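This report concerns only the one structure given below.
The values are calculated or read from the model by the stated rules, or taken from the named source; none is laboratory data. Being a predicted model, the structure only gives us computed values, none of them experimental. Cβ atoms come from the backbone with ideal geometry, glycine included; neighbour counts cover every protein chain shown.
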C-alpha cells in the first residue's frame with residue numbers, strides 16, 4: 001500500500017512540468033552535440049601543441065578515466081558524455097513525472113467514479 005500524497009497543484013500542471021523537463025533534456029543533448037563538434041575541431045596539434053606549456057594539460061585532457069556510463073574514456077570525451085547524460089536523465093525524470101501524474105489522475109478519476117456509484 002502506498003503512502004498518502006497531497007498534490008497542491010493540478011496533475012495537468014505537473015504533467016506540463018514533466019514535458020518541460022523532457023524538452024529541456026532534449027535541448028541539452030542537442031546543444032552538447034553542437035558544442036562537441038566545435039571542441040573537436042580545435043583538438044589538434046595547432047591548438048594544443050606539444051610544448052612545455054601544454055604538455056601537462058594534454059596529459060590530463062587525454063587521460064583515461066571512467067565516464068558517467070562506467071566505461072573508460074579519455075577525460076575530454078568523458079566530460080562531453082557526462083553533459084549529454086545529464087540531458088538524457090532530465091528526459092527520463094520528465095517522463096517519470098508526466099507518467100506518474102497521468103496514472104495519478106486516472107486512479108483519482110476512477111476512485112471518484114467508484115464513490116459516485118456508491119452514493
Collect the residues in the stretch 66-79 that are surrounded by 14 or more Cβ atoms within 10 Å (Cβ to Cβ) and either without any contact (Cβ under 8 Å) to a residue 12 or more places away in the chain or outside any loop (DSSP other than H, G, I, E, B) (or both), keeping them in residue-number order. 73, 74, 75, 76, 77, 78, 79
Please work out if residue 111 is out of contact with any strand residue (DSSP E or B) (no Cβ under 6 Å at 6 or more places or on another chain), under 30 Å from residue 4 (Cα atoms), part of a helix (DSSP H, G or I) and at pLDDT below 90. yes
Out of all the residues in the stretch 29-44, which are at pLDDT 90 or above and exposed (fewer than 12 other Cβ atoms within 10 Å of the Cβ)? 34
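Select from the stretch 14-28 the residues that are surrounded by fewer than 17 Cβ atoms within 10 Å (Cβ to Cβ) and either closer than 15 Å to residue 85 by Cα or modelled with pLDDT under 85 (or both) and list them in ascending order.
First pass over the stretch 14-28, keeping only residues surrounded by fewer than 17 Cβ atoms within 10 Å (Cβ to Cβ): 16-17, 19-20, 23-24, 26-27.
Within the stretch 14-28, 23, 24, 26, 27 qualify.
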Would you say residue 41 is out of contact with any helix residue (DSSP H, G or I) (no Cβ under 8 Å at 6 or more places or on another chain) and within 15 Å of residue 105 (Cβ to Cβ)? no
Every listed condition ((1) in contact with a strand residue (DSSP E or B) (Cβ under 6 Å, 6 or more places away or on another chain); (2) within 22 Å of residue 23 (Cα to Cα)) holds for residue 75 save (2)
